[in-house]
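Visitor: Here's a structure for you.
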Amino acid sequence: MTSCYRVEAERRLKLGLKSYGRSKRNGGNRDVRCERDARRFTGSESRRNIPMESKGKYKLIQIEDDNSIIDEGDPSSSNNSIQTEDDNLIIDEENSSSSDNTGPEIREDDYNFGRPLIEAVWRGDWNATSDFLQLHPHALIARMPIFHGHGTVLHAAVDAGKEHIAMELVKIISEHDLAMQDYDGFTALHRTTIIGNQNIAECLIAKNNRLVSIADDKYHDLPVSLAMALGQKELARYLYSQTPLEDLKAEEGCHTHGASLLNFCIYQGDLDMALDLMERYPLLASTSDNRSNTCPLEVLANISTETFEIGKGMVFWKKWIYNHCIHISSLDLDRAANQFRLNIQNHGQENTIGSVGADHLWRQLVSSLSNLLGFKRLYEMKLVQAQFQRLLTRTCQASQRNQYDLDIILQAVYGAIKRGNFEFVYHTVKANPYLFWTFDTAKKRTIFHWAILHRQHRIFSLLYNLKMKNSILNMVDKSANTILHMAGMVIENTAIDSIRGAALQMQREVQWFKEVERICPLTRKDISNKDGLTAKQLFTKDHREMRKEGENWMKGTSTSCTVVSALIITIMFAAAFTIPGGNNQDTGLPILVHNKLFKLFIVTDSLSLFSSSTSVLMFLGILTSRYAEEDFLISLPRKMIIGLFALFFSIATMMIAFSTAILLMLSGKYWIVIPIIGLAGIPVILFVLMQFRLLIDMFNSTYRPGIFDRKKTPSI
């Protein structure tokens, strides 16, 4: 036996170790590493023979007593072993090395051996933990079946969040043994990353800084990637400062840890780290990660459009400040990047060196005031949006190397078109203008064919400013479909699905067809595809069901509104002849004819009668319509707009007439009148909540410039 094994055996004997051995772990392919490296400990009092591997892989060393060690070269030992009356010790001379990260393991039949130790750790009792380890020193680095994942006592302390025990264990565990892994390949640093304890992480790395470069076997992630994936941003920044950049660099045609980390940074919105990675290794843009075989370019393509439109849902005054008062320059982005690198150089700690005096106090006052008014939050949101824009630009510019990258770019662009990610498509084609004329090999369609098919009007509008757009307009796909055929097709999960009501969806479809038809070359308007259908015939065929649903929606809405309008007509007509205060018996004139409130009653009653009659006529016109495809463009929406507006106006004036009558009859009794008038406003409010939004949407889609606004289209 070599001297290193002798010293190790002697050290373990002096510690009172009864047996120390290695053998294969039963369990099939569950853990090949255990089969190769696992060390087993036994606690039997009687002498036993431990099976040895064939071909001399293992050597049997028998220990005779606690105070003597027989050299393996002793001729008295037929197996070149050290003997003892108690136990056998197996050492794998081939595989024992400094790269062994598995550690010894308690036998399966000693399942409860480590229970007292694990329970003491979970209680946070260091004294009990220390006492157990003194009696059983081998348990310090043993992988225990009782603990999930067959981890060590250090894994258990980390999972339990017992910081003081974990730090004490780190002190007595060797640098090499800190890298031991459980069944999932998790080291103690991986476990620390999962629970997000930076103090334990710093303690582990201080003793063995190579832990940051060990990837787990389950997700194939470095600790920094795992921390970012779990949203542990502060811990991830610290680990990023400790991880060698060589572990994150991009490699041609290989899955890299850098791509995984960059993807997680994008998902979690940590754009400082993402930009720093892209600046260092631009090739990461089209490099696949270790988990899902996805590159950062594809991740950016799948980001929600709300990410690039942060200020869209703000209240008007915040939106005005966000759009007009806050400006993020390139210098601001560079300053943020430099500050991030400075923090990384300082091991992820914030720069606490600051100035003192009047200037510092003034900056503190301004910062506090900005926080109070919400300006700082708006600035941070604007900065995030600008960082996303820069990251997108950098990523698109970096992906221009070879045909492999072209395929990745095309797939990413097609995915962005499906999700309506205009910013990604815009920056990508701006960096790669040839994409306008590039088509996919499967169906031979350009990005504009896909934009029309998925009804992405902003992406389609990029076509307006192209100088060579005629060549694109004349293209046909493998099925001989023109761009007008694309407008006639109906597929699932398009932007049309977000529109309220089947009638408005049908209107938008007709608008799309008319707009594409307007720019389609004359020679392409009436040609047939391989199915023998022209674009118009295809539109009729694919929209038959949508047209029917739109017809039913229009009829159902019109029928309900007609009933309400008819009731209002009946009530208002009767109220005109049963006026409050009655009539003069001699003249027949109303007694309150000179009262101003009475005049208001007559006017509002008449307006309600007339407007409800108008709404009935409009709804009857809808019910008797032929429901052709072109009717959904202007005719039917216009009738619905007039009918709904007239109905709303009639309900409002009816409530005013009712309130006026109450005032006339209960003059001076305001304690009764005021609550009644307040209740009279409830029907108007309910109608507004239920139908007014529909009225506004229909008006905008019918009479406003529409979605195809050339003036707002950015140029490439």
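Since every read-out is calculated from the coordinates, none of them should be taken as a lab result. Since we're looking at a predicted model, the values are computed, not measured. In this analysis, Cβ positions are derived from the backbone assuming ideal geometry, glycine residues included, and neighbour counts consider all displayed protein chains.
Visitor: Just grab the label-to-label distance for Gln345 and Leu522, each label 7 Å out from Cα along the Cβ direction, in nm (one decimal).
Guide: The answer from the label model is 6.9 nm.
Visitor: Another question about this same structure. At a threshold of 8 angstrom on Cα-Cα distance, excluding pairs fewer than six apart, so keeping six or more, what relative contact order does segment 99-208 reach in percent?
Guide: Normalised by residue count, the contact order of segment 99-208 is 27 percent.
Visitor: Tabulate in residue order the Karplus-calculated ³J(HN,Hα) for segment 676-690, using 6.51 cos²θ - 1.76 cosθ + 1.60 with θ = phi - 60°, rounded to whole Hz; enter x for Gly and Pro.
Guide: Result, ordered by residue: 5, 5, x, 5, 5, x, 4, x, 5, 5, 5, 5, 4, 5, 8 Hz.
Visitor: Still on this structure, I have one more. Would you kindly state how much longer the chain becomes between Lys541 and Leu666 on full extension, computed as 0.36 nm times their sequence separation minus their alpha carbon distance, in nm to one decimal?
Guide: Here the answer is 38.6 nm.
Visitor: Tell me, in nm to one decimal, what length is gained between Glu549 and Ile602 on full extension, where the rule is 0.36 nm per residue of separation less the Cα-Cα distance?
Guide: 14.9 nm
Visitor: Next question. For Asp586 and Val563, calculate 0.36 nm times their separation in residues minus their Cα-Cα distance, and state this gained length in nm to one decimal.
Guide: Extending this stretch completely gives an extra 4.3 nm.
Visitor: Once label points are set 7 Å from the Cα along Cα→Cβ at both Asn493 and Glu251, what is their separation, rounded to one decimal in nm?
Guide: 3.4
Visitor: Going down the list Lys430/Lys712; Lys443/Lys548; Lys478/Lys530; Lys319/Lys382, which pairs span over 19 Å between their C-alpha atoms?
Guide: Pairs exceeding 19 Å: Lys443/Lys548.
Visitor: Another question, if that's okay. For the pair Lys711 and Asn112, how long in nm is the line joining their label points, each one 7 Å along Cα→Cβ?
Guide: Calculated label separation equals 8.4 nm.
Visitor: What is the distance in Å between the Cα centres of segment 522-588 and segment 660-678?
Guide: If we compute the Cα centre of each part, the gap is 37 Å.
Visitor: Another question about this same structure. Around Asn583, which amide H atoms from residues at least 5 apart in sequence, or from another chain, sit under 5 Å from its own amide H, with H modelled in the peptide plane?
Guide: Amide H neighbours of Asn583: Ile591.
Visitor: Another question about this same structure. Let me spell out the model: positive unit charges on the Cβ of Lys and Arg, negative unit charges on the Cβ of Asp and Glu, origin at the Cα centre of segment 99-208. What dipole size does that give, in debye rounded to 20?
Guide: The dipole magnitude comes to about 200 debye.
Visitor: Only residues of segment 625-644 count here: report those whose backbone N is under 13 Å from the spot 7 Å along Cα→Cβ of Phe687, or say none.
Guide: Label zone hits: 643-644.
Visitor: Follow-up. How would you order 525-535, 615-625, 443-453 from highest to lowest mean count of nearby Cβ atoms within 10 Å?
Guide: In decreasing order of mean packing, 525-535, 615-625, 443-453 become 443-453, 615-625, 525-535.
Visitor: Let me ask another. Between His220 and Glu168, take the C-beta separation as r, use R0 = 35 Å, and let me know the FRET efficiency to the nearest 0.05.
Guide: Working from the Cβ atoms, E equals 0.65.
Visitor: For Arg143, which sequence-distant residues (separation of 5 or more, or a different chain) have an amide H within less than 5 Å of its own amide H, given hydrogens modelled in the peptide plane?
Guide: Glu105, Ile106
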